[in-house]
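Working notes, beginning with the structure itself.
Derivation of every value follows stated rules applied to the coordinates shown; laboratory data play no part. These numbers come from a predicted model, not from an experiment. Every residue, glycine as well, gets a Cβ built from its backbone with ideal geometry; the counts of neighbours run over all protein chains shown.
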Amino acid sequence: MGLAVLLLLAWLGSGYIGAQRACAHDPRFACSPRDTARAIHIADPTKSWAFYGRLAPGQHDRYVFTLKHTVTVPWNLLIEQKDVANSARPVAILTNDSGAVVARATLKGAQSFFEPFSRIHYLSSPPVNLHLAAGNYHIEVVMNGPGSMQRYVMAIGEKERFGLWEIPYVLGAIHRIRTRGW
């Protein structure tokens, strides 16, 4: 029994140490569509997040976050390359608390991107570094154009950190992403 506990702790510890150095976003699932009343709260937009959603044309997902000080964070939008035949395309619009558009992410000028953890090839919007002042922000991802339901990934932040208790969730999320269970 003692050896089993020791091995489990060693496994979790090595996963924790490895996750600190990982080149990966913390994956979360949007459970689309999400309106203003059920907006997804991004606790710390400087942390590296990947939000996985699935929308039909005309549907949207909403995200909100608050900054206490000025930050610069990367932001982009992705779809799987295998979904390019679907003409529906996500557009992400970032607004401040007064409703002014701060930035827009589209797949115009998309670049190929391979994500090693999920082993999926994506088309990514050109990377944008958002320079944001303290305040409240809203992101709306809208699916535009004709076509059928489309999966998307919205990534924000760059600090790659995972807590010990997040590792089992992240492992399950990676499996869900690899099997396209979102």
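Applying 1/(1 + (r/R0)^6) with R0 = 22 Å to the Cβ-Cβ distance of GLU158 and LYS82 gives a FRET efficiency near 0.25. Residues of the stretch 65-99 with an amide N closer than 20 Å to a point placed 7 Å from the Cα of ALA39 along the Cα-to-Cβ direction: 65-77, 91-99. Taking the fewest neighbouring Cβ atoms within 10 Å as the starting point, the ordered list for PHE113, PHE65 is PHE113, PHE65.
Zone of ALA100 (label point 7 Å along Cα→Cβ, backbone N under 20 Å): which residues in the stretch 127-143? Answer for the stretch 127-143: 129-140.
As a rough footprinting exposure proxy, the listed residues ARG54, ARG89, ARG104 were ranked by other beta carbons within 10 Å of their own, and the order from fewest upward is ARG104, ARG54, ARG89. The lysines whose alpha-carbon is closer than 28 Å to the alpha-carbon of LYS108, local same-chain residues fewer than 8 away aside, are LYS47, LYS82, LYS159.
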